[in-house]
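The values are calculated or read from the model by the stated rules, or taken from the named source; none is laboratory data. Owing to the predicted nature of the structure, the values given are computational and were not obtained by experimental measurement. Heads up, the Cβs are rebuilt from the backbone with ideal geometry, glycines too, and the neighbour counts pull from every protein chain shown. Quick note on the areas: whole protein, heavy atoms, side chains included, nothing else; ligands and nucleic acids left out. Shrake-Rupley method; radii C 1.70, N 1.55, O 1.52, S 1.80 Å.
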Amino acid sequence: MARKIDGTALAAEVVAKVKIDVEDLIRHYGVKPGLAVVLVGSDPASEVYVNMKSSRTVKAGMNSFMHRLRETTSGEDLLALIDQLNSDPSVHGILVQLPLPRHIDANRILDAIDPAKDVDGFHPVNVGRLSTGTGGLVPCTPLGCIMLLETVIDDFRGLQAVVIGKSNIVGKPVAVLLLERECTVTVTHILTRNLPEIVRDADIVVVAAGSPGLVRGDWIKHGAVVIDVGINRIVGADGQRGIVGDVVYEETDHAGAVTPVPGGVGPMTIACLLSNTVKAARALSLPQETAAK
Ligand code: NAD
């Protein structure tokens with residue numbers, strides 16, 4: 001039976017550490033970390049995500065600043081808000097919930113966020129820092145994937161890792177983080193040929209395709225560690241709605257360890273967002289040598 005990697009439990013540990021760090025920042029430095037979340041429009045899934053992020057931020061002892069803008073908000077008005085948040089000393093993290101309405105150029109907005117407050121890690125400066133291994137804020141979901149892997153793998157060096165999906169928010173940064181740990185990394189995507197054969201060689205498989213049940217048990221090498229990032233909303237044969245991953249979990253008994261969906265990567269994403277907000281608050285408010293500790 002494969003070991004289940006419990007993302008809910010690890011996320012609780014990360015959040016507990018965040019709370020301690022927040023108390024320390026408030027007590028010793030008078031700094032209360034603040035996260036600004038910007039939502040444009042009223043996409044129901046985005047609403048759920050931002051409400052969850054906001055309530056978790058408050059529960060962790062930090063300030064949450066919610067900015068809800070109308071669907072028709074112009075790119076210029078959104079840029080003006082980002083400018084204001086960039087210069088607001090009580091705001092240490094800025095998160096613009098994606099997707100943005102079509103008439104707004106998302107790249108232009110993300111580029112306008114102060115990289116020091118870019119807790120999503122999507123700004124080109126942070127992407128560059130990640131790919132050169134020079135610090136910066138790391139995107140939350142990829143960071144969560146690595147932390148989950150670290151609960152079951154002591155030494156990554158030389159392991160074969162396959163990443164399925166090459167998005168800027170998951171696949172590519174996960175690949176960079178694995179490369180940084182000296183894995184031999186293969187990044188695959190929708191046009192990759194012989195995907196099952198490539199996956200069969202892997203010691204680590206990270207799947208972020210958004211394709212329910214894509215990875216079957218016979219793709220997975222005995223003892224491999226599997227991280228399932230996929231979140232797919234489905235309606236079962238019984239008419240019940242549910243969430244499944246990209247991996248057929250029931251077929252992974254021979255794997256070394258697997259993340260379930262839900263309860264795997266999902267909880268880690270928000271925990272890492274909170275952790276990035278504290279990291280940003282420290283870097284922005286404390287002397288450099290203290291912030292790095
Ligand atoms: P995306 O659509 O931007 O990218 C998907 C990638 O998967 C693409 O590179 C595509 O080429 C590849 N792909 C799609 N179908 C494939 C197939 N059949 N075979 C091989 N490659 C295939 O998606 P994304 O934003 O990276 O998200 C991927 C999944 O992860 C989604 O289900 C998303 O909901 C989920 N996600 C979860 C979290 C979390 O917190 N757990 C965070 C972000 C994304």
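Out of the residues in segment 1-43 that are hydroxyl-bearing (Ser, Thr, Tyr) and under 28 Å from SER90 (Cα atoms), which is least open to solvent (accessible area, probe 1.4 Å)?
First, the residues of segment 1-43 that are hydroxyl-bearing (Ser, Thr, Tyr): 8, 29, 42.
Subsequent filtering for residues that are under 28 Å from SER90 (Cα atoms) retains 29, 42.
Numbers: TYR29: 99, SER42: 80 Å².
Applying the filter and picking the extreme gives SER42.
Please work out which one of (1) free of Cβ contacts under 8 Å to residues at least 24 places away in the same chain; (2) aliphatic (A, V, I, L, M); (3) in contact with a Ser or Thr (Cβ under 7 Å, 6 or more places away or on another chain) is the condition ILE198 fails and give its number.
(1)
Which condition number in (1) open to solvent by 90 Å² or more (accessible area, probe 1.4 Å); (2) assigned to a strand (DSSP E or B) is the one that SER64 fails?
(1)
Can you tell me which residue is farthest from the ligand (Cβ to nearest atom) among those in segment 262-274 that are open to solvent by less than 30 Å² (accessible area, probe 1.4 Å) and in a loop (DSSP other than H, G, I, E, B)? Give the derivation first.
We begin by selecting, within segment 262-274, every residue open to solvent by less than 30 Å² (accessible area, probe 1.4 Å); these are 263-265, 268, 270-274.
Checking the rest, the ones that are also in a loop (DSSP other than H, G, I, E, B) come to 263-264.
Numbers: GLY263: 10, GLY264: 8 Å.
Residue satisfying both the conditions and the ranking: GLY263.
Six or more apart or on different chains, Cβ under 7 Å: which pairs go from a residue in segment 137-160 that's farther than 16 Å from VAL127 by Cα to one that's among the acidic types (Asp, Glu)? Could you list them?
Hits for this filter: PHE156/GLU182; ARG157/GLU182; GLY158/GLU182; LEU159/ASP203; GLN160/ASP201; GLN160/ASP203.
I need the full set of residues from segment 245-261 which are in a loop (DSSP other than H, G, I, E, B) and either open to solvent by 30 Å² or more (accessible area, probe 1.4 Å) or out of contact with any Ser or Thr (no Cβ under 7 Å at 6 or more places or on another chain) (or both), in order please. Walk me through it before giving the result.
Step one: of segment 245-261, the residues in a loop (DSSP other than H, G, I, E, B) are 245-246, 248, 252-256, 259-261.
The answer is GLY245, VAL248, THR252, ASP253, HIS254, ALA255, GLY256, THR259, PRO260, VAL261.
So which helices (runs of 4 or more DSSP H) stay within segment 113-225 end to end and still have 3 or more residues that are open to solvent by less than 70 Å² (accessible area, probe 1.4 Å) and more than 16 Å from the ligand (Cβ to nearest atom)? I'd like the intermediate steps shown before the answer.
Details: elements: 124-132, 140-150, 171-180, 195-200.
Counting at least 3 such residues, we get 124-132.
Could you please find all residues in segment 226-240 being more than 9 Å from the ligand (Cβ to nearest atom), open to solvent by 40 Å² or more (accessible area, probe 1.4 Å) and assigned to a loop (DSSP other than H, G, I, E, B)?
ALA237, ASP238, GLY239, GLN240
Just one of THR259, THR252 is closer than 18 Å to LYS4 by Cβ, more than 16 Å from the ligand (Cβ to nearest atom) and among the polar types (S, T, N, Q); which is it?
Details: THR259 fails: more than 16 Å from the ligand (Cβ to nearest atom).
It is THR252.
What is the one condition in (1) part of a strand (DSSP E or B); (2) at positive phi that ILE94 does not satisfy?
(2)
Can you name the condition, by its number, that ILE104 falls short on among (1) crowded, with 23+ Cβ neighbours inside 10 Å; (2) among the β-branched types (Val, Ile, Thr); (3) part of a loop (DSSP other than H, G, I, E, B)?
(1) is the only condition that ILE104 fails.
Looking only at segment 275-293, which residues are open to solvent by less than 10 Å² (accessible area, probe 1.4 Å) and of a type outside the set (S, T, N, Q)? It would help to see each step written out before you state the result.
Within segment 275-293, the first condition is being open to solvent by less than 10 Å² (accessible area, probe 1.4 Å), and the residues that meet it are 276-278, 280-281.
The answer is VAL278, ALA280, ALA281.
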